[in-house]
């Protein structure tokens with residue numbers, strides 16, 4: 001069902017866990033399939049210095065989380081927001097049609113984390 005690249009990333013995911021002293025967090029989920037994804041970010045001077053994930057879900061969800069976080073580290077907030085699920089799928093060399101939603105969750109979790117960061121900045125609570 002999964003290609004070699006997806007299985008490789010699933011077996012050895014990068015950026016797993018939670019960023020210490022994160023200043024942006026996004027949690028999204030899909031109750032239908034049971035996948036829950038949380039991404040934490042450390043943003044400094046509009047650059048994503050670190051990104052980590054905690055995902056409860058299938059191989060595609062873990063691989064999408066790992067890949068997406070890796071793709072945004074070192075990018076500006078705007079570049080991270082521009083990341084699409086299609087780019088995650090391309091990086092993973094494809095996902096089965098019934099697992100496309102996992103890449104969408106990664107895109108949504110990044111957006112939620114950036115929005116949380118922006119809210120904290122607006123409130124003056126961002127560290």
Practice prompt. Go through the stretch 76-127 and give me each residue that's closer than 13 Å to residue 48 by Cβ, under 13 Å from the mean Cα position of the chain (by Cα) and free of Cβ contacts under 8 Å to residues at least 40 places away in the same chain.
Written response: 80, 81, 82, 83
Response to the item:
Scanning the stretch 87-102 for residues that are modelled with pLDDT of 95 or more and touching a helix residue (DSSP H, G or I) at 6+ places or on another chain (Cβ under 6 Å) gives 88, 89, 91, 92, 93, 95
Worksheet item: Which of (1) outside any strand (DSSP E or B); (2) buried (at least 16 other Cβ atoms within 10 Å of the Cβ) is the odd one out, the single condition residue 32 does not satisfy?
Response: (2)
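Give the residue that is surrounded by the fewest Cβ atoms within 10 Å (Cβ to Cβ), with candidates limited to residues of the stretch 76-86 that are touching a helix residue (DSSP H, G or I) at 6+ places or on another chain (Cβ under 7 Å) and assigned to a helix (DSSP H, G or I). Show your work before the answer.
Initial filter on the stretch 76-86 (touching a helix residue (DSSP H, G or I) at 6+ places or on another chain (Cβ under 7 Å)): 77, 80-81, 83-85.
Next, from what is left, pick out any that are assigned to a helix (DSSP H, G or I): 77, 80-81, 85.
Details: 77: 19, 80: 25, 81: 14, 85: 19.
Across the stretch 76-86, the extreme among qualifying residues is 81.
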Worksheet, complete the sentence: The correct count of residues that are surrounded by fewer than 18 Cβ atoms within 10 Å (Cβ to Cβ), over 13 Å from residue 113 (Cβ atoms) and under 12 Å from the mean Cα position of the chain (by Cα) in the stretch 53-75 is 1
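The values are calculated or read from the model by the stated rules, or taken from the named source; none is laboratory data. For clarity, every value in this text was computed on a predicted model and none was experimentally measured. Backbone-built Cβ (ideal geometry, glycine too); neighbour counts: all protein chains shown.
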